[in-house]
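Accompanying notes for the structure given below.
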Amino acid sequence: MTIGILGGGQLGYMLALAGYPLDFHFRFLDPSPQAPVGRVASRVTAEYTDFEALEKFAHGLALVTYEFENVPVEALRFLQKLVPVYPSVQALETAQDRRSEKLLFQKLGIPTTKFAVINSAGELHQTVKKIGLPAILKTCRLGYDGKGQWVLRTREDVERVKNEIPSAPLILEEFVKFSRELSILAVRARNGETAFYRLVENHHRDGILRLSLAPAPHLTEALQREAEAAARRVLESLDYVGVLAIELFECNGRLLANEMAPRVHNSGHWTIEGAVTSQFENHLRAVSGLPPGDTGTLGFSAMLNLIGELPDSNELLSVPGAHLHLYGKSLRSGRKVGHVTVRADSNEQLQQRLRQLPAFFQRPEFCLLDRFTNSAK
């Protein structure tokens with residue numbers, strides 16, 4: 001079976017690595033001739049809206065999936081006339097627009113932060129009065145890793161961003177005092193069978209995920225059930241096939257839905273070493289018609305993103321339970337160039353191993369790591 005994947009970044013790279021043991025073959029389409037998947041699979045270099053290239057790309061494929069949510073919807077609409085596409089166009093279209101996303105959550109009875117849509121800069125002041133300060137202003141479309149977002153704490157912030165925001169629909173969200181950020185990874189097969197990973201605790205800096213802890217510390221079964229129920233409603237409403245990630249805020253012991261991603265997700269990279277079946281294998285199982293694999297955890301894991309720089313491999317890999325994943329990208333400030341997963345048999349052992357990481361991980365962006373490891377002292 002040859003699977004087509006739109007997007008040739010690190011997520012596609014890891015999908016291919018997970019699929020080869022299952023005897024899957026892959027063909028990628030990405031506009032960049034430097035896309036990382038070129039090292040492991042056939043790659044078509046073309047724009048996503050080049051329909052002639054898409055038609056050639058689809059020839060002989062069993063199905064098409066995608067590894068990031070900013071693929072133009074018209075590309076999927078074109079491809080689905082030629083070959084099955086999973087997850088569905090509806091899922092992609094919903095996740096691409098924060099307004100549609102929030103409205104879906106509301107429709108399904110999934111709590112969210114208070115929000116309002118802004119169609120022009122002239123509506124900003126009135127909407128701020130409605131939502132209150134502090135608040136977060138986001139573009140409805142595009143934007144990730146902190147891009148396309150503005151934190152508004154004061155009236156001066158509101159005045160300043162009026163000259164910065166684009167002439168496109170935006171969404172203003174109430175700034176909630178959450179105790180932590182979580183995410184749930186869910187997988188749904190073609191026949192509707194579903195499976196869920198344990199909730200993960202995520203820590204960001206400058207809008208970029210830096211650390212994921214799996215399973216989330218102090219996780220209760222009630223919280224896990226609440227997250228699974230919300231994810232199941234989304235999966236079923238979209239007739240979803242594949243892995244879905246939903247980012248959540250924990251507030252006073254309850255969950256608020258923030259955003260969803262219709263794909264394998266950065267907060268699930270730990271599953272390669274830390275779960276019986278990785279998110280990447282499970283996505284491929286789901287879209288190809290195979291049953292979901294066991295999502296159980298193998299002990300305790302921490303995943304650390306490598307942004308723009310790399311640690312010394314010898315020092316890092318001398319730490320027991322440490323696994324290094326490099327994406328083959330050139331180093332650039334703010335760019336995800338790899339990740340590290342540290343796995344252990346107990347939470348205490350995990351904290352001990354994280355304290356053994358080299359000095360590279362003592363820099364400011366990993367200060368949250370100190371808070372976690374010091375909790376065991």
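The values are calculated or read from the model by the stated rules, or taken from the named source; none is laboratory data. Note that this is a predicted model, so its numbers are computed, not measured. Using ideal geometry, Cβ is built from the backbone for each residue, glycine included, and neighbour counts are taken over all protein chains shown. Side chains are part of the model used for accessible areas, which takes the heavy atoms of the whole protein and leaves out ligands, DNA and RNA. Shrake-Rupley method; radii C 1.70, N 1.55, O 1.52, S 1.80 Å.
Need the list of aspartates and glutamates near Lys138 for cross-linking: C-alpha distance under 17 angstrom, and skip anything on the same chain fewer than eight residues off.
List returned: Glu69, Asp97, Glu101, Glu123, Asp157, Glu159, Glu164, Glu173, Glu174, Asp206, Glu247, Glu259.
Counting heavy atoms of the protein chains only and a 1.4 Å probe, report the per residue accessible area for segment 73-134 as a whole number of Å².
47 Å²
Roll a 1.4 angstrom probe over the protein heavy atoms and tell me the percent of accessible area of the chain that is carbon or sulfur.
On the chain, the fraction of accessible area on carbon and sulfur atoms equals 47 percent.
How would you rank 352-361, 10-19, 311-320, highest first, on the average number of other Cβ atoms within 10 Å across their residues?
Final packing ranking: 10-19, 352-361, 311-320.
Which one of Leu92, Thr139, Thr154 is farthest out on the positive end of the charge dipole of segment 70-158, using unit charges on Cβ (Lys, Arg +1; Asp, Glu -1) and the Cα centre as origin?
Of the candidates, Thr154 comes out farthest on the positive side.
Which entries of Lys107/Lys336; Lys81/Lys336; Lys129/Lys177 show an alpha-carbon separation above 30 angstrom in the structure shown?
Pairs exceeding the cut-off: Lys107/Lys336; Lys81/Lys336.
Please state the relative contact order of segment 237-377 as a whole percent: Cα pairs under 8 Å, 6+ residues apart?
Computed over segment 237-377, the figure is 18 percent.
Compare the Cα positions of Ile307, Ser278, Pro320 along the charge dipole of segment 231-377 (+1 at Cβ of Lys, Arg; -1 at Cβ of Asp, Glu; about the Cα centre) and return the one farthest towards the positive end.
Of the candidates, Ile307 comes out farthest on the positive side.
Assign unit charges at the C-beta atoms only (+1 for Lys and Arg, -1 for Asp and Glu), then state the dipole size of the chain relative to its Cα centre in Debye, rounded to the nearest 20.
Here the chain has a charge dipole of around 540 debye.
Return the single residue from Lys336, Lys129, Lys107 with maximal mean-square fluctuation; model: Gaussian network over the chain, springs between Cα atoms under 10 Å.
In this elastic network of the chain, the residue with the biggest mean-square fluctuation among Lys336, Lys129, Lys107 is Lys129.
For Lys56 and Arg155, what does the FRET efficiency come to when R0 = 45 Å and r is the distance between their Cβ atoms, rounded to the nearest 0.05?
So, using R0 = 45 Å, E works out to roughly 0.25.
Post the alpha-carbon centroid distance, segment 92-144 to segment 316-358, in whole angstrom.
35 Å
Out of Val276, Val37, Val243, any idea which swings most in a Gaussian network model of the chain, alpha carbons joined below 10 Å?
Greatest mean-square fluctuation among the candidates belongs to Val276.
How large is the helix-only mean residue ellipticity at 222 nm for the chain, computed as the sum of -39500 (n - 2.57) over DSSP H runs with n ≥ 4, divided by its residue count, in deg cm²/dmol to the nearest 500?
Counting only the DSSP helices, I get -8000 deg cm²/dmol.
How many angstrom lie between the C-alpha centres of segment 273-297 and segment 199-249?
16 Å
Sorted by packing (mean other beta-carbon atoms within 10 Å per residue), highest first, where do 261-272, 279-290 land?
261-272, 279-290
So what is the relative contact order for the chain, in percent, with contacts set as C-alpha pairs under 8 Å and at least six apart?
Worked out over the chain, it gives 13 percent.
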